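The values are calculated or read from the model by the stated rules, or taken from the named source; none is laboratory data. Because the structure is predicted, anything quoted here is derived from the model rather than measured. Glycine also receives a Cβ, built like all others from the backbone with ideal geometry; neighbour counts cover every protein chain displayed. With ligands, DNA and RNA removed, areas are computed over all heavy atoms of the protein, side chains included. Shrake-Rupley method; radii C 1.70, N 1.55, O 1.52, S 1.80 Å.
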Amino acid sequence: MPETAAAVTRTPSGRLALAASPEQIALGPLDGRYQSAIAPLVDYLSEAALNRDRVAVEVEWLIHLTSNSVLPGAGPLTAEQQDKLRGIVTEFDAAAVAELAEIEAVTVHDVKAVEYYISRRLPAIGIENLTAMVHFGCTSEDINNLSYALGVKGAVEDVWLPAARALVQQIEGMAEENRAVPMLSRTHGQPATPTTLGKELAVIAHRLGRQLDRIAKTEYLGKINGATGTYAAHVASVPGADWQAVSKSFVEGLGLTWNPLTTQIESHDWQAELYSDMARFNRILHNVCTDIWSYISIGYFRQIPVAGATGSSTMPHKVNPIRFENAEANLEISNGLLDTLAATLVTSRWQRDLTDSSSQRNIGVAFGHSLLAISNVAKGLKALDVAGDVLAGDLDTNWEVLGEAIQMVMRAEAIAGVAGMENPYERLKDLTRGHRVDADRMQEFVSGLGLSADAEARLLALTPGSYTGIADELVDHLK
């Protein structure tokens, strides 16, 4: 049956076109299938959020200038006028986004569009005489650097950091719960001195927590000092003002750290520092994913099946560790972007180029993939059961790991003057290397060493499951 043009449309290459308009279909997964997981970031790092923050910075700059009577003839606004100005920000909605886009289509300049957007609203507030004060003395980057700093700061402190801390607390809880559960270690993938599951989880929580402490101490820098950071236009227009003090008090009033020395742009070094720290957290979390995945594969953890879920389209028995695999991929994508941002944002040709502008538009994407990974790891961990029987069975088939303990006791005995303790390492190597040694063989060996009674009793009582040192006590360091 022939197709009709009205029923079917095709792309230039002949593919069937999707029925919905392109504007209705997400191109990327963060705006599509994973949108619910990263939705909180939209209020901080989306294009609309950036424009809202630009409006906020412009409004606060106007209020700051008038409140401090920086410009002759422009004294403080009334409380009502200030409230109405700030209402431009609080009422920034979808209609405002659309209007701003219409203005930008004419100006072909995003920050200039914000200036015009605000100026349109001054007559209704009764301060149209202050139109010239909107964006006074500012270069676009004065507004942009502060807006990005506010958006990134909010995204870290209100969204990303709480999610990351909740994950670390979840791991800490698992560490405490399993602090005394013995587990065979594997160094180089081979059986090694036993530990406890809780201690190993505590190591993870400690590593991640250190990075979060670094991130929590981030300084968010900002500047407002003109076209090349010299206050030239400010001094030319109002030579009597202390422009450095005005700038410093304004930036700090936004909750940011004032940067006194910049070119046209704030140097973005703080961003590079933050993104490097976030990338390091991501890398540690990636290591967590690969380790948990491996523990699942050898049966240390059992995955709790989700009712109705399918693990494999053809193998009905499977419950795949997809949360950890998904997290690995998203952490890698996030780090690809974070590494690029950290590397490129510290460089600017002479006093200004626009590479940073295009780069910074991807901050939200980098944060989004990391936040999605954190969400997946949290869900994956929640769906795990510790397979105590498998852990115990693995320990019981690896008595040779007690070789370390025996040879160290022999060394101590030799130092104490007990005869016959020569070559302890070599003797244990001959007994255990490349060989399976069961409980009977190990105890027979110990009994024939000629140890002191106390040392022999200690070793005969030792099992792979009890040879964990003070692993359980080490979990207390998380407190």
Exercise for the section: Enumerate the pairs (first residue in the range 22-49 and assigned to a helix (DSSP H, G or I); second residue anywhere and open to solvent by 60 Å² or more (accessible area, probe 1.4 Å) and acidic (Asp, Glu)) with beta-carbon separation below 8 Å, excluding pairs fewer than 6 apart on the same chain, so at least 6 apart or on different chains. Expected result: Pro40/Asp158; Tyr44/Asp158; Ala49/Asp43
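For Leu274, indicate whether it is of a type outside the set (Phe, Trp, Tyr), touching a Phe, Trp or Tyr at 6+ places or on another chain (Cβ under 7 Å), at negative phi and modelled with pLDDT of 95 or more.
Spelling it out, it is not the case that Leu274 is of a type outside the set (Phe, Trp, Tyr), touching a Phe, Trp or Tyr at 6+ places or on another chain (Cβ under 7 Å), at negative phi and modelled with pLDDT of 95 or more.
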Problem - Out of Thr90, Thr66, sole residue that is polar (S, T, N, Q), modelled with pLDDT of 95 or more and closer than 29 Å to Asp158 by Cα - result: Thr90
Handout entry: Of all residues making up the range 423-479, the number that are part of a helix (DSSP H, G or I), more than 17 Å from Thr397 (Cβ to Cβ) and not hydrophobic (A, V, I, L, M, F, W, C)
Key = 15
Handout entry: Verdict on Glu404 being in contact (Cβ under 8 Å) with a residue 24 or more places away in the chain, assigned to a helix (DSSP H, G or I) and not polar (S, T, N, Q)
Key = yes
Exercise for the section: Please tell me if Gly420 is small (Gly, Ala, Ser) and on the phi < 0 side of the Ramachandran plot. Expected result: no
Practice task
Within the range 178-204, track down each residue that is without any contact (Cβ under 8 Å) to a residue 12 or more places away in the chain and assigned to a helix (DSSP H, G or I).
Solution key: Val203
Exercise for the section: Return the pairs, sorted by first residue and then second, in which the second residue is acidic (Asp, Glu), the first residue lies in the range 334-355 and is free of Cβ contacts under 8 Å to residues at least 12 places away in the same chain, the beta carbons are less than 9 Å apart, and the residues are 6+ apart or on different chains. Expected result: Thr347/Asp353; Thr347/Asp356
Handout entry: Residue satisfying condition, being under 36 Å from the mean Cα position of the chain (by Cα), closer than 30 Å to Asp277 by Cα and surrounded by 13 or more Cβ atoms within 10 Å (Cβ to Cβ), within set Gly469, Gly380
Key = Gly380
Fill in the blank from the handout: Scanning the range 343-360 residue by residue, those surrounded by fewer than 13 Cβ atoms within 10 Å (Cβ to Cβ) and among the basic types (Lys, Arg) turn out to be Arg349
Completion exercise
Inside the range 149-167, the number of residues satisfying the requirement of being surrounded by 23 or more Cβ atoms within 10 Å (Cβ to Cβ) and either more than 12 Å from the chain's Cα centre (by Cα) or aliphatic (A, V, I, L, M) (or both) is 6
Fill in the blank from the handout: Considering only helices (runs of 4 or more DSSP H) wholly within the range 215-303, the ones with at least 1 residues that are open to solvent by less than 40 Å² (accessible area, probe 1.4 Å), among the small types (Gly, Ala, Ser) and within 16 Å of Val346 (Cα to Cα) are 269-297
Fill in the blank from the handout: Counting only residues in the range 205-214 that are open to solvent by 30 Å² or more (accessible area, probe 1.4 Å) and in contact (Cβ under 8 Å) with a residue 40 or more places away in the chain, the one farthest from Phe301 (Cα to Cα) is identified as Arg214
Handout entry: Flag if Leu45 is under 24 Å from Asp158 (Cβ atoms) and not hydroxyl-bearing (Ser, Thr, Tyr)
Key = yes
Exercise for the section: Name, by its number, the condition in (1) modelled with pLDDT of 95 or more; (2) of a type in the set (Gly, Ala, Ser); (3) loosely packed, with under 13 Cβ neighbours inside 10 Å that does not hold for Ser46. Expected result: (3)
Handout entry: Checking Glu104 against (1) at pLDDT below 90; (2) surrounded by 17 or more Cβ atoms within 10 Å (Cβ to Cβ); (3) among the charged types (D, E, K, R), the condition it does not meet
Key = (1)
Completion exercise
Those residues of the range 407-422 which are in a loop (DSSP other than H, G, I, E, B) and touching a residue at least 12 places away in the same chain (Cβ under 8 Å) amount to Ala416, Val418, Ala419, Gly420, Met421
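Condition (residue is acidic (Asp, Glu) and either modelled with pLDDT of 95 or more or crowded, with 18+ Cβ neighbours inside 10 Å (or both)) applied to the range 434-455: is it met by at least one residue?
yes
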